[in-house]
Amino acid sequence: MATKPLSSYTELQDAGRISVRIIDAKSGLKTLGGVYAVRIHSRDFYALIMNDYLPTLGKIDGDIFFLDQGGEHPYCGIRGFYKHQHNEFTLLIEEYTGEDASLV
C-alpha cells in the first residue's frame, strides 16, 4: 500500500500517527494519540523517534517528551523501559527518580 509523500513540515505535524501507551504503577495506563515525535534524553544517549521509525527497544534514565499538535507532553526524571514498533510507542515507568535531567 503506497502512501502519498508529505510536501511540508506542517503536513508532517498533522500526520502524527504514533500512538503512545504509558504504563505506570501509580496511575495505571494512559494513552496519547496523534503523536508525531518522541524525544528521549537519557543519561547515556539522546534519541528522536518519528513516524515509521525502525523498531526500537531500550532503557531510559532521564526525560522523555511526546510531541503532538497540542504541544509537548514531558515526563521528567523517570527510569524505565520503552518499545517502539509499527508506530506504537510503549513506555513502562519503573520509578520516578525526582531528578530533572539537565543534560542540555
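Taking Lys and Arg as +1 and Asp and Glu as -1, the other residues whose beta-carbon sits under 13 Å from that of ALA25 total 0. Label positions at THR31 and GLN69, each projected 7 Å from the Cα along the C-beta direction, are separated by 1.8 nm.
Normalised by the number of residues in segment 15-96, what is the relative contact order in percent for Cα pairs under 8 Å and 6+ residues apart? Write down the numbers at each step before the final one.
Numbers: 203 pairs, mean separation 25.7, N = 82.
The normalised contact order for segment 15-96 reaches 31 percent.
The HN-Hα couplings worked out from phi for segment 73-84 by the Karplus form 6.51 cos²θ - 1.76 cosθ + 1.60 (θ = phi - 60°) are 10, x, 10, 9, x, 10, 10, x, 10, 9, 9, 10 Hz, whole numbers, x standing for Gly and Pro.
Among ASP63, ASP52, rank each residue by its count of other Cβ atoms within 10 Å, from fewest to most, as a rough exposure measure.
Working: ASP63 19, ASP52 9.
Ascending number of Cβ neighbours within 10 Å: ASP52, ASP63.
Quick note: the coordinates plus some simple rules give every number you see, no bench work behind them. For clarity, every value in this text was computed on a predicted model and none was experimentally measured. Don't worry about glycine lacking a Cβ; one is built from the backbone with ideal geometry, like all the others, and counts go over all protein chains shown.
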